[in-house]
Amino acid sequence: MKWLAAILLAALLVLLPFCSGDFYINLASQILIAAIFALSLNLLVGYGGMTSLGHASYLGVAAYISALLTSRYGWGHGPAAVISLAGTTAMAACFGVIALRATGLGFLMITLALSQVLWGLAYRMSDVTNGDNGIAGLTRPMPFGISLNGPAAFYWFTLIVAITAFVMMAIFVSSSFGSTLKGVRDQPRRMAALGFNPWMIRWITFVYAGFWGGVSGLLYVYYNKYIHPASLSTTSSAEALLGVIAGGSGTLGGPMVGGALVLLLKNYASAYIERWNMLLGLIFLFIVLVMPTGIVPGLSKLLRRGWR
Amino acid sequence: MQFWIIQGLNSLSLGGLLFLLASGFSLIFGLMRLANLTHGAFFMLGTYFGAVALRNFDGLNLWVTALGAGIAVAAIGGLFERLVLTRLKSNPLGQVLVTLGMAFIISDACLVLWGGDSIPVPTPQNLRAPTRFLGFVFPTYRLVLVGCAVATAVALYFLLERTRLGAMIRAGVDDSQMARAVGIPVSNLFTTVFCLGAGIAGAGGVLGGPVLSAYPGLDADMLPLALIVVILGGIGSLLGAFVGSFIIGFIYTFGTALFPELAYIILFLPMIFVIAFRPQGLFGRVGA
């Protein structure tokens, strides 16, 4: 039953470009990118119990590295992608060492401070990053000589990456390592007494989440062909966190639904009103006060109750 | 020489402003175990209140304005604490997210109400003339600002160490369950401390106005500085907030003056250093 649903969903996703217009195909690509980003943050928030308010750092830094290498230094997309992912992962490794000296609120504050430092850098180092103007005029890669400039081609490319990311993260959390991670989230002292190293388990998860954050950053910059310091801002981190929590942290489906909802809301809301930040704040209040466990766990609880 | 002295004074005045922001943050964190991400927005709200009041009413005194804005921001903070935060007592993560949401709402509301252009706050007439001392020229207002921060620090110290209210707050910080058990109204204490912290931030916003002026994004500029101050000084420690503010004031001012592009990285070095060798901060207690 579960497998059948998964296959149906996959078929639907693959066939989507045949039955809808360019606008919706592009929207679907953006949703997939937001879903990868939310899933990577969910590894920290949901499975690791580490609430990070600086996850946009990885998206932004990967995007900036790729943008700078391809536009300013004339690198090819392949090597630029490798370097930007390696750089982002290395940065996550360093940030992890710093931020994981603390847990809980201390961790949250340190990740927020670190990401604000990067945001400030992107704004102020204007001869490198172009400051508030951002970097425009970027290109999309051509894997195996296939152009990704059409919406459908880019959508399929994103879909392949997204499915890979989903499977890799699903394996990660359902592996025995994933179980130790959940153990460290719930009972760090017991896990330490059992001979596990909670710090190392958290750090590995942090780096892994940073890597997938970087992947979503690459797709983000390929899609937009433009990068601006705003993608490193607290708002950007907070949107992702809202997606994770609204959808239901600690589940695989929840963050994808949540990330998609936040993106749709942002797209539709910005067509009617300019006050996205205020709306974001209000939704935060609403979700936390009314639906603290998130939409997906809430709905599945309802469904299970209906089943009996 | 003049450069070093002027920059040194600028560092002191920024440090003073940071103390007005970070002391409330630290106090709230110490008692309520709550990282109040609205704090930067409270500061900005204070600056806007001050800027708009002084623009619309000629001859209004800056100190009266600061007091009024402080009270207004304290009231907003108190309402927020009573209506929203108390409902989330057992959910620290939810509390942080709500304060973040509130920060977005306040900063966007300021943008709607007062537009995207920065609004200057005039320096009081009698403090405009520079002070001359030993052949050097100092902007008087900045000296006064440092004085204000020191006075606030002393007042907070006496409040916490020498009054009944302070004793109750300290009891709540050390062991809030036990404090409740001996009859201290901890929940009212939470509201009091939250109002106090928000009020100091709001008044500090007005006092910082002549130096910074009110502009959208002021909150996002100030909040990370306050976070770094409390991480450096030790969360929940008044002395830590005081020392940390001046350290960060110096590093940020000299960093921006000497290496403008790298100021943010330089800012962040002492934080890494402290986290690596003393994760609880310079004056923080273990387990706090």
Filter the stretch A:168-203 for residues that are part of a helix (DSSP H, G or I) and among the aliphatic types (A, V, I, L, M) and give the result. A:168, A:169, A:170, A:171, A:173, A:181, A:184, A:191, A:192, A:193, A:200, A:201
Tally time: how many residues in the stretch B:141-161 are more than 11 Å from residue B:13 (Cα to Cα) and modelled with pLDDT under 90? 2
Note on residue A:173: of the conditions (1) buried (at least 17 other Cβ atoms within 10 Å of the Cβ); (2) modelled with pLDDT of 90 or more, unmet is (2)
Which residues, taken from the stretch A:52-66, are outside any helix (DSSP H, G or I) and modelled with pLDDT of 90 or more? A:55
Looking only at the stretch A:67-86, filter to residues that are part of a helix (DSSP H, G or I), of a type outside the set (A, V, I, L, M, F, W, C) and over 17 Å from the mean Cα position of the chain (by Cα); which one of those is surrounded by the most Cβ atoms within 10 Å (Cβ to Cβ)? A:70
Of all residues being β-branched (Val, Ile, Thr) and more than 15 Å from residue B:40 (Cβ to Cβ) in the stretch B:232-257, which is farthest from the other protein chains (Cβ to nearest Cβ)? Just the residue, please. B:243
Identify, please: which residue in the stretch A:250-276 is part of a helix (DSSP H, G or I) and over 22 Å from residue A:42 (Cα atoms) and is, among those, nearest to the other protein chains (Cβ to nearest Cβ)? A:276
For the structure I just gave you, tell me whether residue B:210 is more than 21 Å from residue B:38 (Cβ to Cβ) and either more than 13 Å from the chain's Cα centre (by Cα) or within 11 Å of chain A (Cβ to nearest Cβ) (or both). yes
Any idea which residue in the stretch B:104-129 is surrounded by the fewest Cβ atoms within 10 Å (Cβ to Cβ), counting only those that are of a type in the set (A, V, I, L, M, F, W, C) and either touching a Phe, Trp or Tyr at 6+ places or on another chain (Cβ under 6 Å) or closer than 21 Å to residue B:63 by Cα (or both)? B:129
Within the stretch A:204-229, residues surrounded by fewer than 20 Cβ atoms within 10 Å (Cβ to Cβ) and outside any helix (DSSP H, G or I) come out as A:225, A:226
Provide a single number: the residues in the stretch A:125-150 that are surrounded by fewer than 18 Cβ atoms within 10 Å (Cβ to Cβ), part of a helix (DSSP H, G or I) and either in contact (Cβ under 8 Å) with a residue 24 or more places away in the chain or not aromatic (Phe, Trp, Tyr) (or both). 8
So which residues in the stretch A:1-39 are of a type in the set (S, T, N, Q) and either outside any helix (DSSP H, G or I) or surrounded by fewer than 14 Cβ atoms within 10 Å (Cβ to Cβ) (or both)? A:20
Restricting to the stretch B:15-59, and then to whatever is free of Cβ contacts under 8 Å to residues at least 60 places away in the same chain and outside any helix (DSSP H, G or I), can you tell me which residue is nearest to the other protein chains (Cβ to nearest Cβ)? B:33
For the stretch A:75-116, give me each residue that is at the interface with chain B (Cβ under 7 Å from one of its Cβ atoms) and touching a Gly at 6+ places or on another chain (Cβ under 9 Å). A:108, A:110, A:112, A:113, A:116
Quick check on the stretch B:189-198. Is at least one of its residues more than 14 Å from chain A (Cβ to nearest Cβ) and without any contact (Cβ under 8 Å) to a residue 40 or more places away in the chain? yes
Among the residues of the stretch B:69-90, is any of a type in the set (Asp, Glu), within 14 Å of another protein chain (Cβ to nearest Cβ) and either farther than 28 Å from residue B:253 by Cβ or out of contact with any Asp or Glu (no Cβ under 9 Å at 6 or more places or on another chain) (or both)? yes
The number of residues in the stretch B:130-142 that are closer than 12 Å to residue B:5 by Cβ and buried (at least 18 other Cβ atoms within 10 Å of the Cβ) is 2
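The values are calculated or read from the model by the stated rules, or taken from the named source; none is laboratory data. These figures come from a predicted structure and were not determined experimentally. All Cβ positions, glycine included, derive from the backbone under ideal geometry; neighbour counts span all protein chains shown.
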